[in-house]
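Remarks on the structure that follows.
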Amino acid sequence: MIRTTLATISALLVLALPARAADDFIATPTLRASITVTSDVVRVGDLIDNAGSAALIPVYRSPDLGTTGALPVAHVLAVLRAKQVIGVMTGDIKEVQVTRLARTLVNKDLETAVASALERRFGLGDAANITVTFDRGIADMRLDASNTGVLQPVATRYDGRSGRFDIAFEINNDNNPAPTKLRFTGTAIETVEVAVLTRDIDRVDLLKASDVAMERRPKAEVTGEAASRDRTLGMQLRRPMRAGTPIRVADIVKPDFVQRDQNVTVIYQVPGIYLTTRGKAIESGAEGDTISVLNLQTKRTLSGVVTGRGQVTVQGASQAAPMPAAVEQTSSLKRDEAPAPVDTAALVRNLVQAPASPAQIAQAQIPQVRVSQAPAKSE
């Protein structure tokens with residue numbers, strides 16, 4: 001009887017040896033210090049390596065999308081034991097960090113998607129010039145990481161009068177054949193970048209860099225061509241304007257070099273002569289403008305071109321008329337005669353009051369000689 005029992009035990013030990021040898025090659029379950037998940041539950045296989053057949057058992061709810069949570073090791077081991085998972089190696093790990101992956105759509109991404117869906121439709125222009133405002137203040141939006149597709153508009157409605165939109169989007173999902181659906185409502189308005197006054201500006205003020213800022217304004221508020229900042233600097237306004245007013249190209253002019261009732265220098269020019277006198281501007285004008293001025297000496301009103309600050313140039317009536325060749329050919333010099341003095345005031349009065357004759361022009365050009373009509377003598 002005893003021999004039979006010992007034989008049986010020996011046989012069982014022999015049979016058990018291969019099983020012990022096989023167990024020696026089974027990897028030990030090991031806890032992970034940090035994990036990432038994409039689904040809404042944490043499973044045994046997420047928490048430990050070598051989980052075997054227990055890997056798919058759910059044990060926790062995942063953190064919120066895009067966030068990280070911490071689990072104490074003691075709590076994790078207690079939960080695993082409840083699921084019949086024992087013998088887990090923890091090493092020196094004190095807690096497990098669990099991060100749930102997410103796809104984040106920032107507010108700017110959503111605005112761009114709406115603007116792109118409306119671009120060059122319903123009378124709107126480029127997407128870059130469309131300003132989008134959502135009905136509810138939408139901050140960053142987080143979706144499950146499996147939503148890897150692009151935002152594809154599938155239904156678009158827009159009211160051009162009110163600027164209201166209602167757009168439905170779909171996003172392809174890697175884990176689900178049905179796409180994720182999103183819907184947004186709000187207002188979309190086409191805008192333009194325009195120079196805006198930072199303070200009240202008078203008609204005579206020159207625009208400085210501190211007076212102008214660039215802003216986006218609804219296109220409907222800016223009739224005509226919007227002015228850029230560079231184009232406005234150093235210019236004047238056609239009329240006084242208040243702070244915050246957008247500036248159009250039609251609102252700016254070159255700065256006045258001459259103000260109405262200002263004392264100015266009047267320059268008279270004819271071929272070979274350059275004379276100046278004092279005058280009074282009857283109207284304001286920028287460089288290159290033709291304005292009326294009063295000659296303070298003759299009391300005559302003249303028309304001249306603004307050529308500088310406080311300076312008006314009057315072109316002589318005979319400027320375009322070439323000097324007759326006969327005058328040059330018949331003129332002669334008398335060696336014994338002194339040069340005749342030039343009466344500048346009389347010359348100015350003559351130039352202003354009546355067109356200059358060829359003889360006057362010749363005298364103006366060569367004041368030190370006397371013009372005669374006799375044939376030139378040979379020496």
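Assuming Val106 fulfils every condition listed in (1) under 20 Å from Pro179 (Cβ atoms); (2) surrounded by fewer than 14 Cβ atoms within 10 Å (Cβ to Cβ); (3) of a type in the set (Val, Ile, Thr) apart from one, which condition is it?
(1) is the only condition that Val106 fails.
So how many residues does region 137-191 have that are in contact with a helix residue (DSSP H, G or I) (Cβ under 7 Å, 6 or more places away or on another chain) and modelled with pLDDT of 90 or more?
Result for region 137-191: 11.
Limited to region 102-126, what total is found for residues that are touching a helix residue (DSSP H, G or I) at 6+ places or on another chain (Cβ under 7 Å) and over 30 Å from Leu65 (Cα atoms)?
Going through region 102-126 one residue at a time, the tally reaches 2.
Within the set of pairs 6 or more residues apart or between chains, which connect a residue that is in contact (Cβ under 8 Å) with a residue 12 or more places away in the chain inside region 242-253 to a residue that is among the acidic types (Asp, Glu) with Cβ atoms less than 7 Å apart?
Arg242/Asp200; Ala243/Asp200; Pro246/Glu221; Arg248/Glu225; Val249/Glu225
Could you grab me the full set of residues in region 249-283 that are assigned to a strand (DSSP E or B), touching a strand residue (DSSP E or B) at 6+ places or on another chain (Cβ under 7 Å) and of a type in the set (A, V, I, L, M)?
The answer is Ile252, Val253, Val258, Val264, Val266, Ile267, Leu275, Ala281.
Hey, could you check region 226-248 for residues that are in contact with a strand residue (DSSP E or B) (Cβ under 6 Å, 6 or more places away or on another chain) and exposed (fewer than 13 other Cβ atoms within 10 Å of the Cβ) and say which is nearest to Gly123 (Cα to Cα)?
The qualifying residue nearest to Gly123 (Cα to Cα) is Ala243.
Can you tell which of Leu206, Leu197 is crowded, with 17+ Cβ neighbours inside 10 Å and touching a residue at least 24 places away in the same chain (Cβ under 8 Å)?
Leu197
The values are calculated or read from the model by the stated rules, or taken from the named source; none is laboratory data. Source: prediction; values computed, not measured. Note that each Cβ is placed from the backbone with ideal geometry, even for glycine, and that neighbours are counted across all protein chains shown.
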